[in-house]
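Report on the structure given below.
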Amino acid sequence: MTPPHENPGLRVWVADDAAAAAAHVADVVARFVNETERPVLGLATGRTPLAVYAKLAERRAASAVSFQNAVSFNLDEYVGLDARSPHSFAAYMRRHFVDATDVFSGNVHVPNGRAQDLAGEARAYEARIKAAGGIGLQLLSIGANGHIGFNEPGTPFDARTHVATLAPETLHANRGDLPDPPPRQALTMGIATILEARAIVLLATGAAKAEAVRACLEGEPDVACPASALQGHPDVLVVLDRGAASLLTRG
Ligand code: PGA
């Protein structure tokens with residue numbers, strides 16, 4: 001795999017603060033959507049992308065972007081949570097994307113965490129992505145343990161959409177958003193699924209992500225840091241604030 005400093009397709013952009021980083025990512029997403037006839041987005045949930053969705057909603061309100069032709073596929077969903085549960089990622093997407101922009105709700109895809117046959121749902125999700133033409137731009141955040149989607153440390157880089165067991169640190173990090181008892185598993189795009197996106201933009205903010213960002217960009221690609229798989233992708237933009245960039249040494 002090409003080391004990051006030798007991969008011209010991997011670029012890092014450090015913003016002054018988290019708001020500027022999110023605004024930059026929103027610009028990248030809006031430009032992709034505006035310039036693509038049938039934009040297919042891969043989307044992420046969690047706290048980090050909230051500011052990106054807020055910026056996209058602002059741009060929609062100003063008629064600076066339209067999602068009417070866009071299709072999206074979320075990275076993941078908790079197993080066992082109904083789409084109507086306020087804790088589900090389906091509900092998150094309704095709140096922060098569907099209700100906030102002009103995207104058609106039927107074009108916003110989230111894996112079904114309540115499917116009877118989860119392996120079948122995983123295969124069907126992959127087939128839906130393929131039928132849409134593949135993901136053009138994938139938005140990612142990173143866990144403090146280096147996960148992307150719910151691909152926790154140890155996940156092979158060739159994994160496709162699958163049922164994953166949440167790492168204890170992930171359950172701890174997300175505890176404020178989860179019901180009691182929390183779900184223990186999620187249906188997640190695999191690393192290989194993510195790497196098939198034609199372009200990827202990863203947003204990380206805050207010093208709590210600094211070590212994961214360092215391992216992602218400057219460590220040897222290794223399953224211990226799932227995000228380090230991105231080093232082999234030809235078109236990745238990593239957008240950071242100063243805190244998330246604070247342990248980078250290569251300038
Ligand atoms: P966060 O989650 O944005 O809520 O920190 C990131 C992630 O787990 O990928």
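The values are calculated or read from the model by the stated rules, or taken from the named source; none is laboratory data. It should be emphasised that the depicted structure is a prediction, and the values quoted were computed from it without experimental measurement. Every residue, glycine among them, receives a Cβ derived from its backbone with ideal geometry; neighbour counts consider all protein chains shown. When the accessible area is computed, the model is the full protein with side chains, heavy atoms only, and any ligands, DNA or RNA have been set aside. Shrake-Rupley method; radii C 1.70, N 1.55, O 1.52, S 1.80 Å.
Quick one: with all protein chains in place, what share of the accessible area of the stretch 7-128 is carbon or sulfur, to the nearest percent (1.4 Å probe)? Intermediate values should be presented prior to the final figure.
Numbers: 2820 of 5580 Å².
Within the stretch 7-128, the accessible surface is 51 percent carbon and sulfur.
Spelling out what I want: for every residue of the stretch 233-245, take phi, set θ = phi - 60°, compute 6.51 cos²θ - 1.76 cosθ + 1.60 (Karplus), and round to whole Hz; glycine and proline get x.
8, x, 8, 10, 10, 9, 10, 10, 9, 5, x, 5, 8
Taking the Cα centre of the chain as origin, work out the dipole magnitude from +1 charges on Lys and Arg Cβ and -1 charges on Asp and Glu Cβ, in debye rounded to 20. All intermediate terms of the calculation are to be shown ahead of the outcome.
On the way: 22 positive and 27 negative charges, 88 e Å.
Result for the chain is approximately 420 debye, rounded to the nearest 20.
May I ask you to list the trypsin sites (Lys or Arg not before Pro) in the stretch 1-92 that are in a DSSP loop and have at most 13 other Cβ atoms within 10 Å of their Cβ? Let's see the in-between values first.
On the way: sites: R11, R31, R47, K55, R59, R60, R84; in loops: R47, R84.
Within the stretch 1-92, the qualifying trypsin sites (Lys or Arg not before Pro) (loop, at most 13 other Cβ atoms within 10 Å) are R47, R84.
Per residue, how much accessible area does the chain have with a 1.4 Å probe, in Å²?
Working: 10960 Å² over 251 residues.
Accessible surface, normalised per residue, equals 44 Å².
Under a 1.4 angstrom probe, counting protein chains only, how are L195, L139 ranked by accessible area, largest first? Provide the component values of the computation, followed by the final result.
Details: L195 55, L139 10 Å².
From most exposed to least exposed: L195, L139.
Report, for the chain, the % of DSSP beta bridges that are antiparallel, rounded to 5. All intermediate terms of the calculation are to be shown ahead of the outcome.
Values: 9 of 31 bridges.
Given both bridge residues lie in the chain, the antiparallel proportion sits at roughly 30 percent.
Enter the accessible area of E35 (Å², nearest 10), with the probe set to 1.4 Å and all protein chains included.
Approximately 140 Å² for this residue.
Apply the Karplus parameterisation 6.51 cos²θ - 1.76 cosθ + 1.60, with θ equal to phi minus 60°, to every residue of the stretch 98-106 and state each ³J(HN,Hα) to the nearest whole Hz, in sequence, with x for glycine and proline.
5, 6, 9, 9, 9, 5, 7, 4, x
Once phi is turned into θ = phi - 60°, what whole-Hz ³J(HN,Hα) does the Karplus curve with 6.51, -1.76 and 1.60 give for every residue of the stretch 156-173, x standing for Gly and Pro?
x, 5, 9, 5, 9, 3, 7, 7, 10, 8, 6, 5, x, 5, 6, 4, 5, 5
Rank S246, S66 by accessible area, highest first, at a 1.4 Å probe radius? Show your work: numbers first, answer last.
Values: S246 75, S66 45 Å².
Heavy-atom accessible area, descending, gives S246, S66.
Got the relative contact order for the stretch 42-100 handy, in percent, Cα pairs under 8 Å and 6 or more residues apart? Each step should come with its number before you reach the end.
On the way: 40 pairs, mean separation 23.1, N = 59.
The normalised contact order for the stretch 42-100 reaches 39 percent.
Ordering F89, F104 from largest to smallest accessible area (1.4 angstrom probe), what's the sequence?
F104, F89
Tell me what the chain gives for mean residue ellipticity at 222 nm when only DSSP H runs of n ≥ 4 count, each as -39,500 (n - 2.57), the sum divided by the residue total, rounded to 500 deg cm²/dmol. Mind dumping the intermediate values first?
Details: 7 runs with 69 residues, N = 251.
My calculation for the chain gives -8000 deg cm²/dmol from helical runs alone.
In the stretch 91-189, which trypsin sites (Lys or Arg not before Pro) fall in coil by DSSP and have 13 or fewer other Cβ atoms within 10 Å?
Details: sites: R94, R95, R114, R123, R128, K130, R160, R175, R184; in loops: R114, R160, R184.
Passing both the DSSP loop test and the Cβ count: R184.
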